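Working notes for the structure below.
The values are calculated or read from the model by the stated rules, or taken from the named source; none is laboratory data. These figures come from a predicted structure and were not determined experimentally. Cβ: placed from backbone, ideal geometry, glycine included. Neighbour counts: every protein chain shown.
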Amino acid sequence: MSDQKAWLAWSSGKDAAWALHVVRTRKVAAIVGLLSTVTAPYARVSMHGVRETVLEAQAEALGLPIHRVYIPAPCSNEAYEAAMRQALASARAAGVNVIVFGDIALADVRAWREAHLARVGMSALFPLWQGDTRALAREMISAGLRAYVTCLDPRRVPRALAGRRFDDAFLAALPAEADPCGENGEFHTCVVDGPMFRHPVAVRVGVTVEREGFVFTDLELVAPVSETTGATDARGDCLPMAKGGTHGQGEDVGRGT
């Protein structure tokens, strides 16, 4: 095992989850925490639109603490960078010197991340970098990764795919020009099970809304079955909220679809 202590940029999505699995399998760093950007007014993971309650359930299932970066809505790059600098200072104080990302192919995003981390004396790790996205998507699915599409760009993929399981049928329904991992922003996901989880996260698919040019499908956390009543209940508020922020890179720190 490497002596590098790392936080994983956790977007709630499949690429971040698979990056965690790869790092753990290859033992290239010791991931000791998750770094997530949350849009404070909505209590949602930025861009993916995933409820903070679901985020917390993911962290518990992964066995890792969450280090949250709260941003306003809308959020300027300046406000985002100030919040992120504070979070990275906490990481450094805890002996963390690496942030792991699930990026696959966007060189400009990688360069932006590396430059900002270098300013605080940290480095970035990209375990999925330049992987074949079609092969990678199928590898995730065959390994038992379960995820739902929580956000999509209707200019790139059909609205009807919002809320769908990320599976072979979903890949077959994508337009030919769409990246199978959504690497160009076609869609974003929320992972609920896979080889990186200690146990599944129980959710149910909620309503779908369109906001600010994107289509969002809500996922509601489902409580365990009650031993006394046999009933289940949803955790968190019941109204779907849109993503927060419109400033680009600030929303993208936990990128990983």
With the condition being under 29 Å from ALA30 (Cα atoms), I'd like the strands (runs of 3 or more DSSP E) fully within region 122-221 carrying at least 2 qualifying residues.
123-125, 146-152, 187-193
Given the options ALA111, ALA107, ALA79, name the one that is farther than 27 Å from PHE166 by Cβ, at pLDDT 95 or above and surrounded by fewer than 18 Cβ atoms within 10 Å (Cβ to Cβ).
ALA111
Residue list for region 179-207, filter: of a type in the set (S, T, N, Q) and surrounded by fewer than 17 Cβ atoms within 10 Å (Cβ to Cβ):
ASN184
Suppose we filter SER142, SER123 for residues that are surrounded by fewer than 17 Cβ atoms within 10 Å (Cβ to Cβ), out of contact with any strand residue (DSSP E or B) (no Cβ under 7 Å at 6 or more places or on another chain) and of a type outside the set (D, E, K, R); which single one remains?
SER142
Tabulated pairs, region 125-143, first in contact (Cβ under 8 Å) with a residue 40 or more places away in the chain, second in a loop (DSSP other than H, G, I, E, B) and of a type in the set (Gly, Ala, Ser), C-beta under 6 angstrom, 6+ apart or interchain:
LEU128/GLY102
Inside region 53-105, can you point out the residues that are in contact with a helix residue (DSSP H, G or I) (Cβ under 9 Å, 6 or more places away or on another chain) and in a loop (DSSP other than H, G, I, E, B)?
LEU64, PRO65, PRO72, CYS75, SER76, VAL96, ASN97, PHE101, GLY102, ASP103, ILE104, ALA105
